[in-house]
Amino acid sequence: ILVDNCENNMFYIDMELNRRDTSVKRQCVMADIRDRAKIEQIFSELRPQIIFHTAAFKHVPMCEMNPVEAVKNNIIATRMLARLAEDYEVERFVLISTDKAVDPTSVMGATKKVAELIMQSMLGGSRTRFAFVRFGNVLGSNGSVVPVFKKQIARGGPVNVTHPDISRFFMSCREASQLVIQAAASGTGGEYFILNMGADIKIVDLARNLITLSGLTPDQDIKIAFTGLRPGEKLREQILTEEEK
């Protein structure tokens, strides 16, 4: 059951699933997770067994400029969704979280931290097993920096990096999806799952590598411009808090 408020995204995912395996039954439902009546209708009629909750506002600058919308979508709707999952005895509920929820400095990170706490608060007496998965940037996903850099390179530059020392953890779509599915199949509820992503990578190094892979020379064919940190943005992200270690 694909639930999305963006018809184009859902259309292309549905096409991809059909191309990979025509025998899989699919249903596309246009809905906003903040619409309680519509979401409850989905639970009542379709009776999902497992929920992968990926519907979040995740762009740090956008959430900084629109904090009320971030709270409504990432916190209030998540709480409503979790309670409905419990009411309709969903077997497993997996929240997709982010490393930005660790000691958050942004509205986006703070809302995802509260969403994690909501998952932990649902324990005790519930038949639904709640868990969350926390990871860094997913290469090639919506909002990934890689497509942005590729467009800037195709235009002849410059490639914009916020700070020469800024770094992030990266993982592939395959790694991210496998971790999420594993989280749904593991544990007894209340756990949080974190992928070992190795060392963080400097964004400027990623930019230089993409320029080189495009057959061009960094700082000669394509310039790199440093634009300054955006509101709420950290130089480095963490996977765990000191207490969680």
message: Could you work out the relative contact order of segment 108-245? I mean the mean sequence separation of Cα pairs under 8 Å and 6+ apart, divided by the number of residues, in percent.
response: 32
statement: Over all Cα pairs of segment 171-213, the Kirkwood radius sets Rh, and Rg/Rh then becomes 1.18
query: Which percent of the accessible area of the chain is formed by carbon and sulfur heavy atoms (probe 1.4 angstrom)?
result: 51
- line: Per the Kirkwood formula over distinct C-alpha pairs, the hydrodynamic radius of segment 165-245 in angstrom is 15.7
statement: Flagged as over-length at 29 Å C-alpha distance, from Lys72/Lys234; Lys38/Lys151; Lys38/Lys112; Lys150/Lys234; Lys25/Lys150; Lys112/Lys202, the pairs are Lys38/Lys151; Lys25/Lys150
Three-way shape label, segment 102-245, alpha-carbon gyration tensor, a/c 1.5: prolate
query: What base-10 log of the normalised intensity I(q)/I(0) is obtained for the chain from the Debye formula, alpha carbons as equal point scatterers, at q = 0.09, 0.18 Å⁻¹?
result: -0.44, -1.48
statement: On the formula 1/(1 + (r/R0)^6), with r taken between the Cβ atoms of Asn18 and Glu89 and R0 of 35 Å, the FRET efficiency rounded to 0.05 is 0.70
- prompt: Taking the alpha carbon gyration tensor of segment 13-147, what are the square roots of 5 times its eigenvalues, largest first, to the nearest whole Å?
  reply: 24, 21, 14
- line: Helix 77-87: inclination vs the chain longest Cα principal axis, degrees, rounded to 10, gives 30
- request: With everything on Cα atoms, drop me the angle between helix 7-20 and the longest principal axis of the chain, reported from 0 to 90° to the nearest 10.
  value: 80
message: I'd like the distance between the alpha-carbon centres of segment 26-99 and segment 198-245, rounded to an integer number of Å.
response: 31
query: In percent, how large is the relative contact order of the chain, given Cα pairs closer than 8 Å and 6 or more residues apart?
result: 19
task: Counting helices only, and only those DSSP H runs with n ≥ 4, report the 222 nm mean residue ellipticity of the chain as the sum of -39,500 (n - 2.57) divided by its residues, in deg cm²/dmol to the nearest 500.
output: -11500 deg cm²/dmol
message: Can you say what percent of the DSSP beta bridges in the chain, counting only those with both residues inside, are antiparallel? Round to 5.
response: 10
- request: Enter the angle in degrees (range 0 to 90, nearest 10) between the Cα long axis of helix 145-154 and the first principal axis of the Cα atoms of the chain, meaning the one along which they spread out most.
  value: 40
- line: SASA check, Glu175, accessible area w/ 1.4 Å probe, all protein chains in place, rounded to nearest 10 Å², comes out at 80
Accessible surface of Thr78 - all protein chains present, 1.4 Å probe, nearest 10 Å²: 0
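The values are calculated or read from the model by the stated rules, or taken from the named source; none is laboratory data. Source: prediction; values computed, not measured. Positions of Cβ are generated from backbone atoms using ideal geometry, with glycine treated the same way; all protein chains shown enter the neighbour counts. Side chains included, ligands, DNA and RNA excluded: accessible areas come from the protein's heavy atoms. Shrake-Rupley method; radii C 1.70, N 1.55, O 1.52, S 1.80 Å.
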